[in-house]
Amino acid sequence: MDAPLDHHPIAVFDSGLGGLTVLRALRQRLPGEDFFYFADTRFLPYGDKPEAFLKERCVNIAGALARRGVKALVIACNTATAVAADAIRAATPLPIVALEPGVKPAAALTKTGVIGVLATTRTLASERFRRLVESHARHVQVVTQACPGLADAIEAEGADGPLIAHLLDAYMLPLAAAGADVIVLGCTHYPWAAAAIARRLPAGTRLLDTGEAVARQLERRLLAGELPGGGAGRLTLATSGEPQSVMATVHRLWGEKMPLEHWEPDRS
């Protein structure tokens, strides 16, 4: 007999381990829920992959997660949201909470009238991001900064490696020069490097991480009865990559050793 739906986990997926920042916010707000976190590290980073490939891959992942028996899906990846959220919603009956850059709150918070958005090349080039800016930030100047290599470097080095320092020295310069006083961290990897980012910006610059907003949205849906609540606080981590190497990165970022299983959606 199948377990009651309220005992099924909530899936959280990202191209890699940046989504652990979202997972942490979710577990802090919803400690009684069970979570299944999937890092598609075999194809990290998503930000430089073709749109057609990403759309097909993300739809396949969502379908495999539905077959695994999750009760909801959190897309903890800005690139996956930008490229594939609409296709995922059309292809699966799962309730979806999708992460996207916090352009709307940034536009409301700015005092200088200039906001910055750090994100992957693919996120910034997406039609979804263009609509986001058009809908919520027409009255401010939006300075976008693609950050190729940064997500990879954070996975490889943690928050303070030499490559990260080199990349941030280049990527922060245009935002500081433009006078942006609110910076959107438009990739789930970037909050791991928030302190290093802040050091390269004028004092008082505000950094926006949308993980907490996603957690609040999921909590609202649970409280409204759109999703069955309940679980035992269990956490399962899985990767499409090599578990031992990914486990070392989880330990470095999360701060504790966690068991990790190999899971390949194409074979589910």
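For VAL12, the residues 5 or more places off, or on other chains, whose built amide H falls under 5 Å of its own are PHE36, TYR37, PHE38, VAL74. Given the alternatives (1) 55, 43, 29; (2) 61, 39, 35; (3) 65, 45, 26, Cα extents along the principal axes in Å as computed for this entry is given by (2).
Across the chain, Cα pairs under 8 Å and at least six residues apart give a relative contact order of 27 percent. For ALA98, the amide hydrogen comes within under 5 Å of the amide hydrogens of ILE75, counting only partners 5 or more places away or on other chains and with H modelled in the peptide plane.
Quick check for me: using +1 on Lys/Arg Cβ and -1 on Asp/Glu Cβ, what's the dipole size of the chain about its Cα centre, in debye to the nearest 20? Intermediate results must be reported in sequence, preceding the final value.
On the way: 28 positive and 28 negative charges, 121 e Å.
Around 580 debye, computed over the chain.
Charged neighbours of THR205, selected by a Cβ distance under 12 Å, balance to +3 (K, R count +1; D, E count -1). For ALA238, neighbours were defined as the other residues whose beta-carbon sits under 15 Å from its Cβ, and their charges (Lys and Arg +1, Asp and Glu -1) total -2. Looking at the stretch 1-139, the accessible area is 40 square angstrom per residue; that uses a 1.4 Å probe and ignores ligands, DNA and RNA. Sorting 162-168, 238-244 by their mean Cβ neighbour count within 10 Å, with the most densely packed peptide first, gives 238-244, 162-168. Entry comment: accessible area of the stretch 174-268 is 47 Å² per residue, from protein heavy atoms only and a probe of 1.4 Å.
What shape does the stretch 191-268 have by the C-alpha gyration tensor, where a ≥ b ≥ c are the square roots of the eigenvalues, rounded means a/c under 1.5, and otherwise prolate means a/b greater than b/c and oblate the rest? Intermediate results must be reported in sequence, preceding the final value.
Values: a/c = 2.46, a/b = 1.15, b/c = 2.13.
The shape class here is oblate.
Compared with the dominant Cα axis of the chain, that is its longest principal axis, helix 243-254 is turned about 60°. Once both axes come from the Cα atoms, what is the angle between helix 127-136 and the longest principal axis of the chain, in degrees from 0 to 90, rounded to 10? Value to nearest ten degrees: 60.
Let's see if you can work this out: charge +1 on each Lys and Arg Cβ, -1 on each Asp and Glu Cβ, no other charges. What is the dipole magnitude of the stretch 1-104 about its Cα centre, in debye to the nearest 20?
Working: 12 positive and 11 negative charges, 17 e Å.
Charge dipole, the stretch 1-104, about its Cα centre: 80 debye, nearest 20.
Think of the chain as a dipole: +1 on every Lys or Arg Cβ, -1 on every Asp or Glu Cβ, centred on the Cα centre; then among ALA72, LEU30, ALA107, ALA107 lies furthest on the positive end. Electrostatic tally near GLU264: other residues with Cβ closer than 11 Å to its Cβ, Lys and Arg +1, Asp and Glu -1, net -1. Most tightly packed first, judged by the mean number of other beta-carbon atoms within 10 Å of their residues, the peptides 112-118, 249-255 read 112-118, 249-255. Per-residue ellipticity at 222 nm from helix content only, as computed over the chain with -39500 (n - 2.57) for each DSSP H run of at least four residues, stands at -13500 deg cm²/dmol. Note on the chain: with a GNM built from Cα contacts shorter than 10 Å, the maximum mean-square fluctuation among TYR46, TYR37, TYR171 falls on TYR171.
Report, to the nearest whole %, how much of the accessible area of the chain belongs to carbon and sulfur atoms, 1.4 Å probe, protein only. Ligands and nucleic acids excluded, carbon and sulfur reach 53 percent. Compared with the dominant Cα axis of the chain, that is its longest principal axis, helix 162-178 is turned about 60°.
The values are calculated or read from the model by the stated rules, or taken from the named source; none is laboratory data. Model, not experiment: these values are computed from the prediction. All Cβ positions, glycine included, derive from the backbone under ideal geometry; neighbour counts span all protein chains shown. For the accessible areas, the whole protein counts, side chains as well, though only heavy atoms, and no ligand, DNA or RNA atoms are used. Shrake-Rupley method; radii C 1.70, N 1.55, O 1.52, S 1.80 Å.
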